[in-house]
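Peer 1: Before I ask anything, here is the structure I am working with.
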Amino acid sequence: MTNSADQSWTHAGHGLPSSEPAPTTTAIATGLQLPAGFAAIAGDPELGPALTTNLARVEKRLREAIANSDPLADATSRHLVEAGGKRIRPLLTLLCAHLGDASLPAVVQAAVVVELTHLATLYHDDVMDSAPFRRGAPTAHEVWGNSVAVLTGDLIFARASILVSELGSRALGIQARTFERLCLGQLHETVGPRPDEDPLAHYLSVIADKTGSLVAASGQLGAIFSGADESYEAHLVEYGEKVGVAFQLADDVIDVTGIKVKSGKSPGTDLRERVPTLPVLLLRTAAREGDLSAVELLTLIDGDLSSDEALAAAVAGLREHPVTAQSWVVARAWADEAIAALAPLPEGVVKASLTSFAHAVVDRSS
C-alpha cells in the first residue's frame, strides 16, 4: 500500500519526477528552427515571432503532459519527445490558427493534442515494424521491450485524450475519428490488400489513413480554436489530407532509393522488410506489362536482401529505374492537389507558407 504521506505519486501518475526546473518558453523559442518550407514565416515581422513563441509553448507543454511521477513511465514517455522531431503537425495547427485569433489559449492545447497523438502512434508503429531506430535513437521497444513500448503509446494517447476532452465535444469527435483512421490504416497495412483489391489503391488508402488523417485534423483544429471563418475548415482538411499523402509518398521514395541518411533509418529498410511502397508497386506493374528490366530488378528485390551488399544493389537498381522518377511525379501531383485546395483561402503569409510547405515535402534530398 502506498504511504499517503508520499507526495511523489498520484493515482493518475501526473506530476514531475524531480525538482529539476523546466526550461522557459523563451529559452525553448531561442533554440527552435522551423522546418523547410516555412521561410516565409520566419521572415514575417509579426507572424514569425508569434508562431515561434507558440511553438515553444507547445514544446514546453508537451514535456509537462508526458511528465509522470512513476520513474519508468516518465522515462519511456520522454524517450521520443526528447529525441526531437520537426513538429510538423502542431506547426500546422498554429499556422492555420493565424487565419483567426492565434492568441487564444485553446490553440496551443490543440497543437499539443495532435503532437501527442502522433507520438503515441510512433511507439506502436515501431513495435509493429520492429524498427530499431527512430529519430536517430534506439526505439522504445529496443530499450524496454514491446509490452512497455505499446503501453507507453497507450499512456501518451490517454494524456492526449484528457487534453482534447477539455476542448469540448467537437474536438473530441475529431480526435476519435482521426484515431479510428490511424488504427484502420495500420490494420490494413498489416493484413495487406484483399485478393480483389488493387495494391496501389490499397497503399494510397493506408497512407491517407495513417498520415493524411492527422495532418488534416491538425489544420482543422487550428482553424476551429482560433475562431477562423468556418468556410476555411473544409479546404484545410482537404489540404492536410493531400499534403500528408504527398509527404509519406516522398518519404517512402527517399527510403527505397537510398537518399535518406540522417534519420537513423538505413536506406532500403522498407525493401528488406518487404513493405510495399510506391516505387516497388509501380515496378510490379511495369513487370506485368512486359518491362524486362523491371522483371530483372524484381528478381533481386524479391530475393534474399539480408546482406548489406544485396540490399545496396537493390536500392541502387531501384534508384536508377524509371519507376522512381514516376513515383516523384505521383508525389508532386498530390502536393499540387493540396495547393489547389487552398485557392479559396485569403492571400497572405499563411496561404503562402502552406503552399511552400507542400512544395518542400516533395523536394527533399535527405
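Peer 1: With a 1.4 Å probe and all protein chains in place, put Arg177, Arg332, Arg288, Arg159 in order of accessible area, largest first.
Peer 2: In descending accessible area the options line up as Arg288, Arg177, Arg332, Arg159.
Peer 1: Based on the alpha-carbon gyration tensor of the chain and its eigenvalue square roots a ≥ b ≥ c, which shape applies: rounded if a/c is under 1.5, prolate if not and a/b is larger than b/c, or oblate?
Peer 2: Oblate shape, in that a/c is at least 1.5 and b/c is the bigger or equal ratio.
Peer 1: Using the alpha-carbon atoms, what tilt in degrees (0 to 90, nearest 10) does helix 213-225 show relative to the longest principal axis of the chain?
Peer 2: The answer is roughly 30 degrees.
Peer 1: At 222 nm, what helix-only mean residue ellipticity would the chain give, in deg cm²/dmol to the nearest 500, using -39500 (n - 2.57) for each DSSP H run of four or more?
Peer 2: -21000 deg cm²/dmol
Peer 1: Give me the net charge for the shell around Asp101: Cβ to Cβ below 15 angstrom, other residues only, Lys and Arg +1, Asp and Glu -1.
Peer 2: Values: positive: none; negative: Glu46, Asp229, Glu230.
Surrounding charge for Asp101 is -3.
Peer 1: Sticking with this one: Hey, what angle do you get for helix 146-165 against the long axis of the chain, alpha-carbon based, 0 to 90 degrees rounded to 10?
Peer 2: On a 0 to 90 degree scale, this one is about 60.
Peer 1: Once the convex hull of the alpha carbons of the range 169-267 is built, what does its volume come to per residue, in cubic angstrom?
Peer 2: Expressed per residue, the convex hull around the Cα atoms of the range 169-267 is 130 Å³.
Peer 1: Skip the ligands, DNA and RNA, and give the accessible area per residue of the chain with a 1.4 Å probe, whole Å².
Peer 2: Solvent-accessible surface per residue comes out at 46 Å².
Peer 1: Quote the accessible area belonging to Tyr232 in square angstrom, nearest 10, computed with a 1.4 Å probe and with ligands, DNA and RNA left uncounted.
Peer 2: 40 Å²
Peer 1: While we're looking at this one, here's another question. Taking only Cα atoms, what is the 0 to 90° angle, nearest 10, from helix 169-191's long axis to the longest principal axis of the chain?
Peer 2: 30 degrees
Peer 1: Can I ask one more? Starting from the Cα gyration tensor of the range 106-258, take the square roots of the eigenvalues, sort them a ≥ b ≥ c, and report rounded, prolate or oblate (rounded when a/c is under 1.5, otherwise prolate if a/b is larger than b/c, else oblate). Numbers along the way, then the final one.
Peer 2: Values: a/c = 1.86, a/b = 1.23, b/c = 1.51.
In terms of gyration-tensor shape, oblate.
Peer 1: Give me the percent of the accessible area of the range 126-198 that comes from carbon and sulfur atoms, probe 1.4 Å, all protein chains in place.
Peer 2: Carbon plus sulfur share of accessible area: 59 percent.
Peer 1: Label Glu289 and Arg364 with points 7 Å out from Cα along Cα→Cβ: what is the distance between them in nm?
Peer 2: For the pair Glu289/Arg364, the computed spacing is 2.8 nm.
The values are calculated or read from the model by the stated rules, or taken from the named source; none is laboratory data. Predicted, not measured: the structure shown is a model, and the values here were computed from it. With ideal geometry, Cβ positions are generated from the backbone for all residues, glycine too; neighbour counts draw on all protein chains shown. Surface accessibility is based on the protein's heavy atoms, side chains included, excluding ligands, DNA and RNA. Shrake-Rupley method; radii C 1.70, N 1.55, O 1.52, S 1.80 Å.
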